[in-house]
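Single-structure report; data block below.
The values are calculated or read from the model by the stated rules, or taken from the named source; none is laboratory data. Note that this is a predicted model, so its numbers are computed, not measured. Reconstructed Cβ throughout: ideal geometry from the backbone, glycine too, with neighbour counts over all protein chains shown. Remember, those area values only see protein heavy atoms, side chains included, never the ligands or the DNA or RNA. Shrake-Rupley method; radii C 1.70, N 1.55, O 1.52, S 1.80 Å.
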Amino acid sequence: MSSAAHRSSTILWRLAAATSLALLVAACSSSGTADPAPSSTTVDTSTTVVETPAPSPSTHPLLAPSPTTHLGLSWFSPAEPAAARSVDERWAEAQAASTVGRVLVDWVELEPQRGDHRADLLDEALGELTDAGLAPMVTIAAVDVSGTPFPEWLGGFDPRDAAEAYVEMIAAMLPTLRAHGVWLLAIANEPPLADGELDVDDFASFVERVEAGAQRLAPDLAVTFTFAGGDPFLPEPAIDRMIETVDAFSVNHYCLGGDLRRLPLEEATAQIDRLVERAGDLPVVFQELGCPAGEANGSSDADQLAWFEVAFEHLDSIERVRAAFVFEFLDWSPAVFELDYGSTLEGLTEEVGPDFVERFETWLLTAGLVRSDGSARPAFELFLEQAGA
């Protein structure tokens with residue numbers, strides 16, 4: 001989820017961006033100011049040298065089959081000042097238990113103009129994770145369902161031109177990615193495939209070209225993009241092409257149906273199995289995994305706990321499921337929700353009705369394993385136990 005208003009401390013600290021808005025989009029009949037950026041860095045992509053060998057995507061320890069599913073926790077909404085100390089303490093607990101972390105940044109933030117590569121931004125963001133002992137997954141979003149478009153300097157989206165430019169950016173970022181041991185690069189987050197905003201065949205061509213370019217540049221770098229939960233099942237041959245192209249199957253998954261009501265608990269394992277089956281032989285990563293606790297969503301603290309108990313146990317029984325990032329650590333505050341969606345709520349209400357909008361807001365206001373006042377929900381303790389195990 002991209003919002004300049006929430007980059008109050010730094011553009012980098014977007015460890016949990018990209019709420020799964022695809023559910024909202026589907027139900028809608030279609031599927032402050034940033035800190036000054038540091039000076040840009042110039043990278044000669046023609047002379048990038050790999051000083052230390054790295055495993056190939058298929059043999060990387062974090063992508064190879066294993067009975068352990070690595071867990072991480074995403075955080076997007078800032079803490080209320082009164083709760084900041086207790087929230088920080090719980091975040092430290094979560095990081096200490098976790099083994100993986102995630103950074104999401106928009107392509108245009110790392111390259112505001114073509115060739116103006118700002119690797120120092122990525123280096124600082126990744127340093128937050130690696131300093132905490134977490135193995136990082138990075139999403140450098142060429143496009144994002146929450147509104148991040150391809151960079152304007154491309155002059156429009158052409159798969160060939162966009163892929164060439166994206167691979168040039170990867171080359172510029174590669175020393176930084178390698179320095180921090182990045183085990184998976186996602187090139188987009190929930191691209192809007194279901195509603196016609198983005199041509200599916202064109203995007204498939206972009207994915208294929210980026211993968212081919214990345215393989216020539218860095219055969220050890222595992223590349224993917226992240227599907228919205230229902231998109232892998234779209235009746236489009238291009239979807240098959242994309243799944244056959246990437247090195248890992250990345251998807252966002254929630255306990256909610258298209259109406260944003262919690263689905264019956266007995267469906268939890270079947271939903272996961274359906275996604276894993278769609279991945280074929282690929283390793284599977286749940287870039288977002290979540291269940292709110294809000295009454296409007298037909299949920300509660302106990303329901304959230306029960307869903308995660310089932311989900312964690314089932315994920316850990318599937319060797320090809322390599323990692324899952326819980327969305328989210330902390331409930332959104334009403335003020336943050338208003339900042340992100342206040343200007344669009346009137347139009348959404350007219351289109352989908354006030355009840356749906358209430359469920360959407362409740363989802364984000366109760367998505368956390370920790371409440372906005374800093375108190376932990378039961379699912380937080382479960383996360384610490386499961387991640388630490």
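Below, the figures for the structure above:
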| read-out | value |
| --- | --- |
| Test: E124 is out of contact with any Asp or Glu (no Cβ under 9 Å at 6 or more places or on another chain), closer than 27 Å to E208 by Cβ and open to solvent by 60 Å² or more (accessible area, probe 1.4 Å) | no |
| Looking only at segment 228-251, and only at residues there that are assigned to a strand (DSSP E or B) and in contact with a Phe, Trp or Tyr (Cβ under 7 Å, 6 or more places away or on another chain), the one that is farthest from A186 (Cα to Cα) | V251 |
| The lone exception for T139 - which of (1) of a type outside the set (A, V, I, L, M, F, W, C); (2) out of contact with any Phe, Trp or Tyr (no Cβ under 8 Å at 6 or more places or on another chain); (3) open to solvent by 10 Å² or more (accessible area, probe 1.4 Å) it fails | (3) |
| Some residue of segment 152-166 being in a helix (DSSP H, G or I), over 19 Å from L184 (Cα atoms), touching an Asp or Glu at 6+ places or on another chain (Cβ under 6 Å) and modelled with pLDDT under 95 | no |
| S77 over 27 Å from Y166 (Cα atoms), open to solvent by less than 50 Å² (accessible area, probe 1.4 Å), in contact with a strand residue (DSSP E or B) (Cβ under 6 Å, 6 or more places away or on another chain) and part of a loop (DSSP other than H, G, I, E, B) | yes |
| Any hit, segment 93-100, residues being in contact with a strand residue (DSSP E or B) (Cβ under 6 Å, 6 or more places away or on another chain) and assigned to a strand (DSSP E or B) | yes |
| Failed condition for V50, given (1) of a type in the set (V, I, T); (2) farther than 27 Å from R322 by Cα; (3) at pLDDT below 85; (4) touching an Asp or Glu at 6+ places or on another chain (Cβ under 9 Å) | (2) |
| Any hit, segment 286-306, residues being within 22 Å of the chain's Cα centre (by Cα), of a type in the set (G, A, S), open to solvent by 10 Å² or more (accessible area, probe 1.4 Å) and modelled with pLDDT under 95 | no |
| Number of positions in segment 99-118 that are over 16 Å from the mean Cα position of the chain (by Cα) and either charged (D, E, K, R) or open to solvent by less than 30 Å² (accessible area, probe 1.4 Å) (or both) | 7 |
| Among (1) of a type in the set (V, I, T); (2) open to solvent by 20 Å² or more (accessible area, probe 1.4 Å); (3) closer than 20 Å to H253 by Cα - the single one V167 does not satisfy | (3) |
| Matching entry among V326, V352, V310 (being open to solvent by less than 50 Å² (accessible area, probe 1.4 Å), at pLDDT below 95 and out of contact with any His (no Cβ under 6 Å at 6 or more places or on another chain)) | V352 |
| Residues of segment 242-256 satisfying the condition of being farther than 21 Å from G101 by Cα and buried (at least 16 other Cβ atoms within 10 Å of the Cβ) | M242, I243, T245, C255, L256 |
| So P67, is it under 30 Å from G388 (Cα atoms), in contact with a helix residue (DSSP H, G or I) (Cβ under 8 Å, 6 or more places away or on another chain), open to solvent by 40 Å² or more (accessible area, probe 1.4 Å) and assigned to a loop (DSSP other than H, G, I, E, B) | no |
| Which listed residue, of A96, A82, A92, is open to solvent by 30 Å² or more (accessible area, probe 1.4 Å), among the small types (G, A, S) and at pLDDT below 95 | A82 |
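To keep it simple, each residue is scored yes or no on (1) open to solvent by 10 Å² or more (accessible area, probe 1.4 Å); (2) out of contact with any helix residue (DSSP H, G or I) (no Cβ under 9 Å at 6 or more places or on another chain); (3) outside any helix (DSSP H, G or I).
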| residue | (1), (2), (3) |
| --- | --- |
| D202 | yes, no, no |
| T226 | no, yes, yes |
| E267 | yes, yes, no |
| A270 | yes, yes, no |
